Amino acid sequence: MLRHLAIRNLAVIAACDVDLRDGFTVLTGETGAGKSILVDALGLVLGDRADLDQIRSGAEQAEVTAEFDLPADSPAAILLREQALTGEDGECLIRRVLSREGRSKAFVNGRAVPVQTLKDLGEWLVDIHGQGEHHTLLHAATQRDLLDGFAGAADQARWVAQAWATWQQAAAELAELERSQDEREERAELLRYQVAELEELALEPGETEHLEAERARLGSVHRLMEGAQGLVQLLYEQEGATSEQLGQAQSELAELSDTDPELAEARDLVANALAQTEEAAEAVRHYLNRLEADPERLEAVQERLDRVYQLARKHHCEPGELPDLAVRLRVELDQLEELGPRLEAARAEVARTADTYAGAAAELTRIRRAGADKLAERVTEEIQVLGMPDAALEVAVETADTPENGGSHGMDRVTYQVITNPGEPPRPLSKIASGGELSRLSLGLQVVLARHTEVPTLIFDEVDVGVSGAVAEMVGRKLRSVGDRGQALAVTHLAQVAAQGHHHLQIRKETDSGGASTRIEPLEADERVEAIARILGSTTITESTRANAREMLAAAGG
């Protein structure tokens with residue numbers, strides 16, 4: 001709800017603060033007092049284009065501040081949270097500053113924002129019914145959403161939006177698979193060749209090191225045989241071999257240790273050395289018996305090592321990394337070769353989600369069509385008692401021929417069209433030339449749809465143009481009924497409308513040494529009687545006009 005409006009140096013207003021309440025508030029004033037300034041001021045905080053001519057003469061800047069309170073779950077509050085613009089306790093404070101330097105600044109809860117943010121936010125704060133860009137009933141989305149609310153289709157519409165999102169996600173995933181199918185097939189072909197090479201090699205972890213050792217041994221077999229034979233001779237077989245000399249030393253030490261036991265330790269050490277020498281000679285002899293030249297094995301080992309190093313160079317890795325590489329490439333190949341089944345599954349999912357969306361959208365269309373005629377009938381009844389006796393509303397629901405031509409809102413294009421005079425074809429609301437007719441048509445729609453709109457504040461401009469008498473009183477009653485369910489404001493010059501207000505603001509023009517200025521004041525009790533009597537008497541107040549004013553107020557309950 002709009003709670004407070006502060007205006008500084010705007011047009012003929014030097015300074016003005018207005019508190020606003022729930023219900024229906026009327027704004028009255030003499031001709032030329034500037035009744036439309038309040039609407040203009042609100043337009044600025046809702047993102048209207050700024051005009052330097054709006055700055056009061058003699059002032060360097062104009063400023064408008066509007067304060068709203070918002071339920072936590074309202075669309076406006078959600079938008080504030082999404083843009084990190086939340087205020088305290090659900091407050092929304094919007095300020096617009098116009099400067100003669102040609103700059104316009106906008107602020108939401110103390111933070112500078114682009115003017116577009118005011119436009120986006122304003123669509124959920126105030127709906128101005130007249131001729132202007134803030135008339136949300138001219139928007140196709142608003143017309144559709146209001147029909148959904150009236151027809152009880154809101155839940156189905158949410159289900160359709162979810163079904164659409166699921167379908168589009170499935171379609172995007174399929175498109176990605178199909179777009180890269182050729183690239184994937186090329187990659188799979190390369191992987192098949194590489195995996196075949198690596199799996200044919202079948203290199204085991206650590207095998208390269210073993211092959212290197214075997215190649216070194218096989219390549220040096222002749223040198224190893226010569227060396228081993230020499231060692232056997234040196235250790236055991238030749239004259240004066242190590243074992244022979246150690247045997248002599250052992251015998252000598254044995255005799256000497258009998259004379260001096262201190263040599264027993266040396267005797268034992270030599271005996272051990274002799275035993276180990278003999279074991280060493282026997283080990284070398286066994287090695288020599290096993291050792292033989294194997295050129296075929298050497299060739300096989302060399303060929304395998306050559307293949308190992310060739311593939312390592314090809315894949316830019318170390319030979320020991322080839323086994324892990326083979327595993328990784330096999331996994332990738334298996335995944336790519338699953339593309340066919342994945343494509344089929346993706347196509348099936350697209351078909352399934354498309355059918356789900358089409359079914360949900362068809363049900364939404366059925367609900368909308370059932371509600372469209374009822375809504376048109378109800379609104380037509382309302383506007384015909386609001387000074388448009390020959391008018392009729394038509395609610396058209398045009399359905400796309402295929403689900404692909406639908407959207408998150410379904411497959412329907414909902415348009416409100418109105419016939420204002422007999423014999424004329426129906427025209428879109430935006431083509432209605434008269435601001436008064438458009439405002440009264442909006443009033444009729446709001447009477448029927450007020451409980452379905454999410455915009456808390458409704459402002460009606462020019463709603464009473466061209467009406468009088470009983471029709472004017474009916475306009476006032478309808479406005480009051482809209483105010484009973486929220487907050488409605490109307491600029492009026494008719495007493496019948498003014499008397500219906502729950503609250504009354506008077507716009508007064510004053511002239512002093514500082515020049516002309518406009519003030520906006522709340523009226524109560526007798527002040528309202530005087531104001532309405534002045535309207536009835538065309539600025540002249542008589543006891544008769546006072547009596548008529550009291551009667552109007554009493555009849556309205558004001």
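The values are calculated or read from the model by the stated rules, or taken from the named source; none is laboratory data. Everything quoted here is computed from the prediction, not taken from an experiment. Using ideal geometry, Cβ is built from the backbone for each residue, glycine included, and neighbour counts are taken over all protein chains shown. These accessible areas exclude ligands, DNA and RNA; they are computed on the full protein's heavy atoms, side chains included. Shrake-Rupley method; radii C 1.70, N 1.55, O 1.52, S 1.80 Å.
Here are a few things to note about the model shown:
- Sum of -39500 (n - 2.57) over DSSP H runs of 4+, divided by residues of the chain (222 nm, nearest 500): -17500 deg cm²/dmol
- Mean Cβ count within 10 Å, highest first, over the residues of peptides 153-165, 110-122: 153-165, 110-122
- Per-atom-type breakdown for the chain gives carbon and sulfur 49% of the accessible area (1.4 Å probe, protein chains only).
- Gyration tensor verdict on segment 419-490 (Cα atoms; rounded if a/c is under 1.5, prolate if a/b is larger than b/c, oblate otherwise): oblate
- Whole-number percent relative contact order across the chain, with pairs defined as alpha carbons under 8 Å at least 6 apart: 22
- Size of charge dipole - the chain - debye, nearest 20, with Cβ of Lys, Arg +1 and Asp, Glu -1, no other charges: 5500
- Taking each residue as 0.36 nm, the span from residue 303 to residue 259 lengthens on full extension beyond its C-alpha to C-alpha distance by 9.1 nm.
- With both residues required to sit in the chain, DSSP beta bridges show an antiparallel share near 75%.
- A 1.4 Å probe run over the chain, with the rest of the protein chains in place, finds 51 Å² accessible per residue.
- Summary value for segment 359-507: 19 percent relative contact order, contacts being C-alpha pairs under 8 angstrom separated by 6+ residues.
- Cα-based shape type of segment 472-551, given that a ≥ b ≥ c are square roots of the gyration tensor eigenvalues and the cut on a/c is 1.5: oblate
- In terms of overall dimensions, the C-alpha atoms belonging to segment 1-120 reach 41, 37, 19 Å along their principal axes, ordered largest to smallest.
- Overall form of the chain per C-alpha gyration tensor (a/c, 1.5; a/b vs b/c): prolate
- ³J(HN,Hα) computed for each position of segment 15-28 - Karplus, 6.51 cos²θ - 1.76 cosθ + 1.60, integer Hz, glycine/proline x: 7, 8, 10, 10, 8, 10, 10, 5, x, 9, 10, 9, 10, 10
- Positive-end residue of 240, 269, 326, charge dipole of segment 226-332 with Cβ unit charges: 326
- Residue pairs, from the table 374/478; 374/431; 105/431, whose Cα atoms sit over 29 Å apart: 105/431
- Along each principal axis, Cα extent of segment 25-82, largest first, Å: 41, 30, 15
- Computed over segment 28-152: relative contact order in percent, which uses C-alpha pairs under 8 Å that are six or more apart: 23
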